[in-house]
2 protein chains.
Amino acid sequence: MSLEEKNIFHLRDIIYDTNEVTLANIFEEYFEIKDILFMFKVIKKEKTAEIFAYLPQNMKQQVINGLQDHEIKVMLDYMFTDDISEFLEELPANIVKRVLNSASNQRRSEINMILNFKENSAGSVMSTDYVELDPEITADEALKMIKDKERLAETISYCYITNEQHILLGFVSMKSILLASSNTMISDIMETDVISVECDEDQEEVAKIFTKYDLLVLPVVNDQHRLMGIITIDDVYDIIQEEVTEDLQKMVGITPIEGSYINMSIVEMVKSRITWLLILMISATVSGFILAKNTDLTLKFPSLVIFIPMLMDTAGNAGSQSSAMVVRGIAVDNLNISDFKYVIRTEFLNSLILGAILFTVNILRILIFMPQISISIAILISATIYIIITIANLIGGILPLLASTLKQDPASMSGPILTTVCDAISLTVYFTLASLFLGGGIYGI
Amino acid sequence: MSLEEKNIFHLRDIIYDTNEVTLANIFEEYFEIKDILFMFKVIKKEKTAEIFAYLPQNMKQQVINGLQDHEIKVMLDYMFTDDISEFLEELPANIVKRVLNSASNQRRSEINMILNFKENSAGSVMSTDYVELDPEITADEALKMIKDKERLAETISYCYITNEQHILLGFVSMKSILLASSNTMISDIMETDVISVECDEDQEEVAKIFTKYDLLVLPVVNDQHRLMGIITIDDVYDIIQEEVTEDLQKMVGITPIEGSYINMSIVEMVKSRITWLLILMISATVSGFILAKNTDLTLKFPSLVIFIPMLMDTAGNAGSQSSAMVVRGIAVDNLNISDFKYVIRTEFLNSLILGAILFTVNILRILIFMPQISISIAILISATIYIIITIANLIGGILPLLASTLKQDPASMSGPILTTVCDAISLTVYFTLASLFLGGGIYGI
């Protein structure tokens, strides 16, 4: 299909009336690169830049390859610096160089600054496209300035007030500028209690600050409190998504990795998975030793073996439930080590009731459906469940608290490590009780 | 401490210069209710409403009890409807009634409307405090209207254009209003490709739309496309947090529950946990049956028992890793059933390499550290690992895809159910191989 044959004017109207995300999806799905390049030549540069920002990374690279230097320059002028740096981060060095060379001097130095910040730091995700105002101008002058520089501002909802050294003094919302009478000085309506972060702050902390203060924009400053950029709430979404992925990965023993299922190579996947699989395989040997030590008992009472998977799983499940609840409590309620007693008490009370229910159901189930199992073994199994549920709940509740106190991610304590620990404990309790109950040989089976 | 004795004027200045979230935290930590009520009487109503919105629920209730009807009315006038409905939802009916009776007629009917929408629907989390403009006015008239009604608008960054029947026609950003020349008609600068949701849309879908289109505000319409309210991005945070909690709960077999670790009763916790603990305890019986059926084999070769926990855990861990990766792939890459082959291929290739590594390490470890185990058992164990890793990866990859195809939550397929399935499969493979390898008695141990 050649787009040139279509009615360009009609197509343009449709494009200007359509959301850029939808357009990027259509381009991705139905257009070839040469058609996209053609469209990019005939539609407004502003719209071009918007659509480009939502194309997938590989198409962005192809589009860049097909554009001339001056076309790249114009597009960069219409893009926000955070979008530019995000897409440059994953390009081959030679293309990055070409893009930067095409940029205007100011744009180039801004992008270079952002690219040079540590990965996942506030500086690396910020945008330099903010409105900066002098405190000694009037509301009317401010409005005029905003109108004049609008093209590049990512948001005009909040403007930042700085002195001549660009030190951040405060902020003013568009609402207050509009509401103020024309001659009001900005310094009279600005708010000075401005929440900001330093450039090297971790992005996870940035997301927390956004949530805590219900922010839409967060200014980023250097160590002299000089305004360097802003982070807008739409970027925080991506941060939250990354953090959720990372938490989930830690919970199942995947070494946190960039990239997603579709764009990761098999080797990268294997690398991210093998460490914990090996560690856990080796540490499961502990459970093996416990079993080996009790071979005499299992040979004498073979039915003991039958219940091993159920006991291990039940303890593991209970422990995971507790740890998941405490992990979310840490995230949502700011649970911390000072709540240690509360957690112990809660998990203990939970265990009392859960244990009693599981004890009863298990006894009944064995008596009714497994007539070959003696009542003494049934009691032994059920008592073991009661005890290991209690221990698993306590460990599951405490481990994430300890992890967070030691500045580790609580989620990393709620996955396979917990299962491995619960396994070993379950077996120890099981065989200790078994030798007490059955060891003397006073009960038959 | 009596606040009356302090210098009120000085205190007021500090309060006006301090962020409302910080103030709410200070009030919560250090103030008694009578001091808060006193403060609320002497500071600006606007600030009062802002601080109130960030107090914890139990303090909100006490403050309401201490305020007079006309004071409640004024505070409601300065609060956004979504904040009001959120806090009313958890109050006892008699207090809700009192608050609603104190409200102005319009406010009352708006709040009642929001409260009547289904829980977790777009209508139940929206705010009615938006700017609505006529298409047939000029940019200047629009600015004037916005200034006049500003007090109640949650955002002025986007204004919504409706006809006389309040049917949503489009939107216009504050940027374009400011940039337009004074006499430009709103209909000429408004954008008509407006993304909206219907009132009964689920909040999870709302969060997805926000992410997909990078929105800051989303209008909510009824089935006649009449504008009913807006949802702002700060509320979407809470939605995302709720959804993350729910996913995590499903992954560990907790029936999704409202409320958090701190404010949930023990009985509620037990209720949310017991169902899955029981289901999983009972279904672990399958593993028990497999073991029971192979008692002859384990009596003949007791060392087979030693490796059971390690095999079950390794398969479970590998399965969880795969399912976690696919669950995130579904969330981030929109992986779906059409990627079935891709997932199968990826998991198979992963298994080839992971299996080979685990096979080798396991053989070496047994030969070096467990001299009492024969080489034939070492090979049996390692071969079992290779096979069950492959099966676990495939199941872990496929289950979430199937769940999402059946409109179930993929996360619910990556937790204990998966472990239970992997357990049974591991044991079946293990004993099948064992009888093939050892059953004929041609290898000694």
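Some observations on this one:
- Among the conditions (1) within 13 Å of chain B (Cβ to nearest Cβ); (2) open to solvent by less than 10 Å² (accessible area, probe 1.4 Å); (3) in a strand (DSSP E or B), residue A:142 misses just one, which is (3).
- When the range B:324-338 is limited to residues that are hydrophobic (A, V, I, L, M, F, W, C) and surrounded by fewer than 24 Cβ atoms within 10 Å (Cβ to Cβ), the one that is farthest from residue A:253 (Cα to Cα) turns out to be B:337.
- Checking every residue in the range B:315-325 against the condition of being assigned by the TED database to the domain that holds residue B:396 and over 28 Å from the mean Cα position of the chain (by Cα) gives at least one match.
- If the condition is being of a type outside the set (Ser, Thr, Tyr) and out of contact with any Pro (no Cβ under 9 Å at 6 or more places or on another chain), then the range B:306-320 contributes B:306, B:307, B:310, B:311, B:315, B:318, B:319.
- Here B:86, B:20, B:71 are screened, and the one residue that is of a type in the set (Asp, Glu) and closer than 21 Å to residue B:262 by Cα is B:86.
Here is a yes/no grid of residues against (1) in contact with a Gly (Cβ under 7 Å, 6 or more places away or on another chain); (2) in a helix (DSSP H, G or I); (3) in contact (Cβ under 8 Å) with a residue 12 or more places away in the chain; (4) among the hydroxyl-bearing types (Ser, Thr, Tyr):
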{"position": "B:392", "(1), (2), (3), (4)": "yes, yes, yes, no"}
{"position": "B:395", "(1), (2), (3), (4)": "yes, yes, yes, no"}
{"position": "B:403", "(1), (2), (3), (4)": "no, yes, no, no"}
{"position": "B:412", "(1), (2), (3), (4)": "no, yes, yes, yes"}
{"position": "B:420", "(1), (2), (3), (4)": "no, yes, yes, yes"}
{"position": "B:426", "(1), (2), (3), (4)": "no, yes, yes, yes"}
{"position": "B:429", "(1), (2), (3), (4)": "no, yes, yes, no"}
{"position": "B:435", "(1), (2), (3), (4)": "no, yes, yes, yes"}
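- Scope the range B:301-310; condition at pLDDT 90 or above and either open to solvent by 30 Å² or more (accessible area, probe 1.4 Å) or closer than 20 Å to residue B:415 by Cβ (or both); matching residues: B:309
- Subset of the range A:273-292 [open to solvent by 20 Å² or more (accessible area, probe 1.4 Å) and either free of Cβ contacts under 8 Å to residues at least 40 places away in the same chain or under 25 Å from the mean Cα position of the chain (by Cα) (or both)]: A:274, A:275, A:276, A:278, A:279, A:282, A:285, A:289, A:292
- For residue A:78, the conditions (1) surrounded by 18 or more Cβ atoms within 10 Å (Cβ to Cβ); (2) at pLDDT below 90; (3) out of contact with any strand residue (DSSP E or B) (no Cβ under 7 Å at 6 or more places or on another chain) all hold with the exception of (1).
- Subset of the range B:392-429 that is open to solvent by 10 Å² or more (accessible area, probe 1.4 Å) and of a type in the set (D, E, K, R) - its residue that is farthest from residue B:304 (Cα to Cα): B:407
- Residue within the range B:187-196 that is of a type outside the set (Gly, Ala, Ser), more than 27 Å from the chain's Cα centre (by Cα) and over 19 Å from residue B:221 (Cα atoms) present: yes
- Pairing each residue of the range B:113-135 that is aromatic (Phe, Trp, Tyr) with any residue that is at pLDDT 90 or above and open to solvent by 50 Å² or more (accessible area, probe 1.4 Å), provided the two are 6+ apart or on different chains, yields C-beta distances under 8 Å for B:117/B:200.
The values are calculated or read from the model by the stated rules, or taken from the named source; none is laboratory data. These figures come from a predicted structure and were not determined experimentally. Cβ coordinates were reconstructed from backbone atoms using ideal geometry, including for glycine residues, and neighbour counts include every protein chain displayed. Ligands, DNA and RNA are stripped out before the accessible areas are found, and what is left, the full protein with its side chains, is counted by its heavy atoms. Shrake-Rupley method; radii C 1.70, N 1.55, O 1.52, S 1.80 Å.
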